Amino acid sequence: MKEIDTDGSGDIDAEEFYQWMVVNAKSDGMGNEEGGKHIKLREERLEVGKEGMPQHLMDLLEELGVGAVVQKVTHPLHSAFGRTLYDHFVSCYLISKEWGNPDFVAVANLFHALYQRGDGMQAVSFKEYRPILQEKLGEDVEQLIYLFPSSHKSALLADGLLMAPLGEDIEVPNVLEGGMVTIPKELRGYLVDMEVINSHDQHVLENSDPVHNLWSFYQHVTVLPIMSEGAKESIVEYQKRSQGATVADVLAWHEGRFKDADQEIPELWKHHLDLFRAPAGKFVCAEQNLNKLADKDGDGNVDWEEWTSVNLEECDIFA
């Protein structure tokens, strides 16, 4: 009961129960009856949320035909049950509003993968639709939609969206047109939130593996200072659910994936995994600092209460 009552009020409200239920829901995909029930509850929640959405935005989604695009993501709970890009877009919009993003950022979340999804597929031609969306949604919204595929693809880069030093404009490969594209420092925080929201919507229903959670935590922790409070809570939740895992486990997991597939590790992944490799990996050092801070009784072990109560802002983890 204490775990569900996240605000410590002594009462469990509907949102707290929902968040606990979806995180603990398990599914084997289409063949799992319980998984179908859970996704149905989620769809009903989306329907309630859509009631407050501007009609012209809903009409534009229909016009763009995203309801006919099947959403393919990591876990069968999200890829099965006929889930579409429309469902994912609406969910990301609602999360963005809930996390307090400005309206233009929430609208950008509603169309974030329109020009290109993570698998490289395009729902519409960006060359054709850029001027149309600039007129219908505004140039500030369309700029974020245009930048999102490139920022998303740069997530593993040491100088990309999530890993580059804070406070300056950054340049990342332009996946839509080739060459490089600039992410202005004033927009980077919004694009980070869009990245976190995209991940949160696709993984929150099935994120019980501590190693996977630890990887997600370290992927995002260096940009924690420029996130919204809602995004920060999501990343801290990854940290809490990673208790017991180590950066060595993250390294072994990813190297094992490529070995099992009988593939060479791509150069991009080699550089990314070096962050988790002892003795000089950035996140090896961060883990040492974090464990030292969390071990409040000094017994050399970090238990659940210590791990989940650590204040990340006190830890030198952003260096």
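Ranking 217, 104 from most to least accessible surface, computed with a 1.4 Å probe over the protein chains only, gives 104, 217. The heavy atoms of residue 287 offer some 30 square angstrom of accessible surface to a 1.4 angstrom probe.
Quick one: grab the alpha carbon gyration tensor of region 94-197, order the square roots of its eigenvalues as a ≥ b ≥ c, and give me rounded if a/c is under 1.5, else prolate or oblate depending on whether a/b is larger than b/c.
oblate
Counting heavy atoms of the protein chains alone, residue 270 has an accessible area of about 80 Å² for a 1.4 Å probe. Taking amide H atoms as placed 1.01 Å from N in the peptide plane, the amide H of residue 181 lies under 5 Å from those of 172, 174, each 5 or more residues away in sequence or on another chain. For region 242-284, a/c is not less than 1.5, where a ≥ b ≥ c are the root eigenvalues of the C-alpha gyration tensor, and a/b does not top b/c. That puts it in the oblate class.
Once all protein chains are placed together, residue 227 keeps about 10 Å² accessible to a 1.4 angstrom probe. Net charge in the neighbourhood of residue 257 (other residues with Cβ under 14 Å of its Cβ; Lys, Arg +1, Asp, Glu -1) is -4. Site pair residue 269 and residue 55 shows an inter-label distance of 4.9 nm when each label is modelled 7 Å from Cα along Cα→Cβ. Potential lengthening of the chain between residue 258 and residue 98 amounts to 53.9 nm, from the contour at 0.36 nm per residue minus the alpha-carbon distance.
When a/c reaches 1.5 or more, the comparison of a/b and b/c decides; with that in mind, is region 162-270 rounded, prolate or oblate per its Cα gyration tensor? It is oblate, given that a/c is not under 1.5 and a/b is not larger than b/c. Here region 223-319 is treated as a Stokes sphere of Kirkwood radius computed over C-alpha pairs; at 10 °C and 1.306 mPa s its diffusion coefficient rounds to 107 µm²/s.
Restricting to Cα pairs below 8 Å that are 6+ residues apart, what does the relative contact order work out to for region 197-319? Please round to a whole percent.
Relative contact order of region 197-319: 24 percent.
Ordered from highest to lowest accessible area with the whole protein assembly present and a 1.4 Å probe, 117, 277 read as 277, 117. Estimated at 0.36 nm per residue, the fully extended path between residue 185 and residue 14 surpasses their Cα-Cα distance by 57.8 nm.
The values are calculated or read from the model by the stated rules, or taken from the named source; none is laboratory data. These numbers come from a predicted model, not from an experiment. No Cβ is skipped: glycine too gets one built from the backbone with ideal geometry, and neighbour counts run over all protein chains shown. We work out accessible area using only protein heavy atoms, side chains counted, and drop any ligands, DNA or RNA first. Shrake-Rupley method; radii C 1.70, N 1.55, O 1.52, S 1.80 Å.
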